[in-house]
Structure formats: structure tokens, C-alpha cells
Amino acid sequence: MKTIDDLNFNGKKALVRVDFNVPLDEDFHITDDNRIVGALPTLKKILNDGGAVVLMSHLGRPKDGPTDKFSLKHIVTHLSEVLGRQVYFADDCIGEEAKSKAERLQSGEVLLLENLRFYKEEEQGDRGFAEKLASLGDVYVNDAFGTAHRAHASTAVVADFFPENKYFGYLMAKEIENAEMVLNNPARPFTAIMGGAKVSDKLELIDALLEKVDNLIIGGGMAYTFVKAKGGEIGQSLVELDKLDLANELVKKAEEKGVNLVLPTDAQIADRFANDANVYDGPNDQIPADQQGLDIGKDSAEHFKDVIMASNTLLWNGPMGVFEMDTFAKGTRAVANAVVAATERGAFSLIGGGDSAAAVSKFGMTEHVSYVSTGGGALLEYMEGKTLPGVKAILD
Ligand code: AMP
């Protein structure tokens, strides 16, 4: 794998794709800077070598060209602070201003380009647009794992213009290394914990994981599709009625492969979708018609904990319940506690991005697991065995 360690950046101008798609509050303050912090080692290595950095990123999903709300100018002050040097900003990611600011950039200096997604050409993977971006640097570095599953101009196509000068940043390299280790060389027993709202989002992943894991724990809203498929009464709980057959097929496949499929048996049952709902623990296949399961119950949490504690590799993606509301966060917290305890005992724990990363962060446990991925969709696709365009573009 060609990483930035293979090059001394002295005198080079590195065009670096980062994922600075950070959450901002209504006053444009960054509420979680993990993604920025994640890219710092790469930026520092290039700058300390004596290189200059031209940063490109997207922010949010702007629909109609430049919009103040999605401007990357809002992150310049914070980025300058954490980098310990002033970051220059170009109001456009291509065009005259970007070009002249990039040209004037000296060794040790940093220029941040405006949001790439102000151009529809970015997501279209337009070659002409990628060529314009490519003209801003003489080396290309991709450190944006969060968008590596997209074949966009800045994440994949631009690499064509740097056939001999393209590298993985440290964050990308670490993400790939961890995902590879879990997929291809896991210490056993290997347990995957899947949760979240919909089974349909994760069908391919579950299917792929059944070839790899010893235990597959399923919680969250998606578990009710399995309970219903077995003939249970699930009341108003989340369900995908068109996926019942598939759920049964996955159960069968687990049996054939000798995978221990662990489904919840009880639920925290609520009379409505609210933090102050009336709740009780009960069997998840006998939920009254006007009620719904919004978290796993105590018995399931205990059972999940035992399986997790006996594992040496853990992959966790998706919450066990509606963890955003404290009343329904207990199951997710119990799983997080067990993952932390197993990690302390020596297990390797990889936490998929998105909601599981948010949950681990909400519980203050980020430092106590082995690795929290910065990629939601990207990690899932990698785990499904798909080739990520952003990764392939560097390897080709
Ligand atoms: P996903 O994006 O598929 O990982 O799903 C995450 C979302 O699933 C979170 O916002 C949770 O609130 C939601 N969720 C988890 N369990 C349940 C449940 N039992 N009922 C409704 N929503 C749930």
C-alpha cells in the first residue's frame, strides 16, 4: 500500500482530499471535530516535511450551488487553531482565485478550498472538473475514508492525473488496515453486532458476514423483522414486511454455516415513541397491538453481553434501540460496556461509523475501544467485500 510515508514532501504541493463534513450548530460552530482531528497526522507529516497543503472537502449536501450554510469558510478558524498555523481559504474550489492562491502557497502553508459539492460535477465524477482540481497540486493524497465508497471527481477520478504521485493518507491506511484485519485475520471467536433501523440497509453485510463470523448478534429495529418472520406478535414495532422471507433465509444460512445467530428474546416495550412513554420489559414476540419495542430487554442485554465478553474480535454497527432517547439507550449502553470490557481483556473492537460511533461517543467510550471508524457507508461496503472507488483509484 503506497502511503505518505513513501514520500518526502519537501518542496511538494500536496492536493489532499479530506472528509471535513463536520456537524455545525446554527451559529456555525463545529459540534464534533473528530473528522478534522482524524486528518491532522497526515497534514502534519506533509507540513513537517516542508510541503504545502491544498485541502479539498465537501460539507453537507448542497443542492443548488454555493450556499452560505454549506460554506467551508465556517471551519477555517477552528482548523487554524488545531493545526497551529493560519489556514488560507479560497472562495471557490476551481477557477482563477483557487489557482493563484495555490500557486502562491509556500512550504508549510495550508489552503482550504471551498465546498466541492457546490459543483454538481463533483458527484458526477466529471473528468474536466477533476482535471481542474488536479492542476492545483503536484501530488495527490486521499485521506477521506468517509467518502471512499463514492466515485466522485475528488475521491477517485482526480487520481488519474497523478499516475505516479498518489498516496493514501494515514487515516485511510489505518481504516483499511483495521478493516482488512477484521475481515481476513480475526482472532476467534469473531462476533459481529448489528443493529439500527432497517434490515434492508444491512442485508448484504449480514449475508457477507455469515461467511466470516462465529457469532452474529442482531438487535435494534431490524430484529423485529426476524421476530415477525418467526410468527411473533410485534405490535407497532419497526418491521419490513417485504423482508420476512429474507430474514428466514438468513436464519437458515446461519444454521448451514454453523454461525451462532443471536436474536433478542425480550424488548423494552413502550406505549408510544417518546422518552416519557410508559415502558416495561417483556417478550418481544408478544407485544400488544398498540405498543412497540424500542430497545432490547434486560435478558437479551445479558445474553449479548456474555457472547461479547467471550469474543476476541468484535465488529459493531448500529444501535440496539432508539439510543437518542435515554429511556431506550440502556441496551446500546449495555453492549457498549461489554465491548469496552472485552477490549480491556484483549479483544480487538472495531466500531462502524455513523450511529454506533455517535453512541460510543455519547457514552464517553471512544478511547476505550480499539478503533472507531470514520466511515459509515464506506466501512459497510468494504465489509460487504465491495471495492471502494477511492481505494482502487490509489492502488491502480
Ligand atoms: P441505522 O441508520 O440503520 O443504523 O439506524 C439507526 C437508527 O435506528 C437510530 O436512529 C435509532 O433510533 C433507530 N432504532 C434503533 N432501534 C430501533 C427500534 N427498536 N425502533 C425504532 N427505531 C430504532
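The values are calculated or read from the model by the stated rules, or taken from the named source; none is laboratory data. Predicted model, so just to flag it, every value in this text is computed and none were measured. So basically every Cβ, Gly included, is an ideal-geometry build from the backbone, and we count neighbours across all protein chains shown. Surface areas here come from the heavy atoms of the whole protein model, side chains and all, with no ligands, DNA or RNA. Shrake-Rupley method; radii C 1.70, N 1.55, O 1.52, S 1.80 Å.
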Scanning region 335-362 for residues that are over 17 Å from V199 (Cβ atoms), open to solvent by less than 10 Å² (accessible area, probe 1.4 Å) and within 11 Å of the ligand (Cβ to nearest atom) gives G353, A359
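Do we find that G232 is buried (at least 20 other Cβ atoms within 10 Å of the Cβ) and more than 25 Å from F190 (Cβ to Cβ) in this structure?
Against the criterion (buried (at least 20 other Cβ atoms within 10 Å of the Cβ) and more than 25 Å from F190 (Cβ to Cβ)), G232 does not qualify.
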Restricted to region 279-314 and to residues being in contact with a Lys or Arg (Cβ under 9 Å, 6 or more places away or on another chain) and assigned to a strand (DSSP E or B), the residue surrounded by the fewest Cβ atoms within 10 Å (Cβ to Cβ) is D281
Only one of (1) at pLDDT 95 or above; (2) part of a helix (DSSP H, G or I); (3) more than 20 Å from Q286 (Cβ to Cβ) does not apply to V213, and that is (2)
In region 300-334, residues that are more than 16 Å from the ligand (Cβ to nearest atom) and basic (K, R) total 1
Conditions (1) out of contact with any Ser or Thr (no Cβ under 7 Å at 6 or more places or on another chain); (2) over 16 Å from A378 (Cβ atoms); (3) not in a loop (DSSP other than H, G, I, E, B) -> Y167 fails only (1)
Taking the stated definitions as given, is G38 buried (at least 22 other Cβ atoms within 10 Å of the Cβ) and under 26 Å from the mean Cα position of the chain (by Cα)? yes
Taking region 182-196 and keeping only residues that are modelled with pLDDT under 95, more than 16 Å from the chain's Cα centre (by Cα) and either of a type in the set (A, V, I, L, M, F, W, C) or crowded, with 17+ Cβ neighbours inside 10 Å (or both), one is left with L183
Worksheet item: What do you reckon, is L350 of a type in the set (A, V, I, L, M), touching a residue at least 60 places away in the same chain (Cβ under 8 Å) and part of a helix (DSSP H, G or I)?
Response: no
Checking K305, K362 in turn, the sole residue that is under 16 Å from the mean Cα position of the chain (by Cα), more than 23 Å from I234 (Cβ to Cβ) and among the basic types (K, R) turns out to be K362
**Asked** Is it the case that region 362-371 has a residue that's free of Cβ contacts under 8 Å to residues at least 60 places away in the same chain, assigned to a strand (DSSP E or B), in contact with a helix residue (DSSP H, G or I) (Cβ under 6 Å, 6 or more places away or on another chain) and on the phi < 0 side of the Ramachandran plot?
**Response** no
### Message
Scan region 375-383 and tell me whether some residue there is surrounded by fewer than 21 Cβ atoms within 10 Å (Cβ to Cβ), within 16 Å of the ligand (Cβ to nearest atom) and more than 19 Å from S154 (Cβ to Cβ).
### Response
no
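Per-residue answers, yes or no, for (1) closer than 27 Å to K166 by Cβ; (2) open to solvent by less than 10 Å² (accessible area, probe 1.4 Å); (3) in a helix (DSSP H, G or I); (4) not basic (K, R):
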{"residue": "K44", "(1), (2), (3), (4)": "yes, no, yes, no"}
{"residue": "V54", "(1), (2), (3), (4)": "yes, yes, no, yes"}
{"residue": "L59", "(1), (2), (3), (4)": "yes, yes, no, yes"}
{"residue": "K69", "(1), (2), (3), (4)": "no, no, yes, no"}
{"residue": "H74", "(1), (2), (3), (4)": "no, no, yes, yes"}
{"residue": "E97", "(1), (2), (3), (4)": "yes, no, yes, yes"}
Going through (1) modelled with pLDDT of 95 or more; (2) over 20 Å from K212 (Cα atoms) one by one, D355 fails only at (1)
Flagged in region 245-275 as within 16 Å of the ligand (Cβ to nearest atom) and among the acidic types (D, E), in numbering order, are D266, D271
- Would you check if there is a residue in region 250-267 being at pLDDT 95 or above and within 30 Å of N21 (Cα to Cα)? no
So is G231 in a loop (DSSP other than H, G, I, E, B) and on the phi > 0 side of the Ramachandran plot or not?
yes
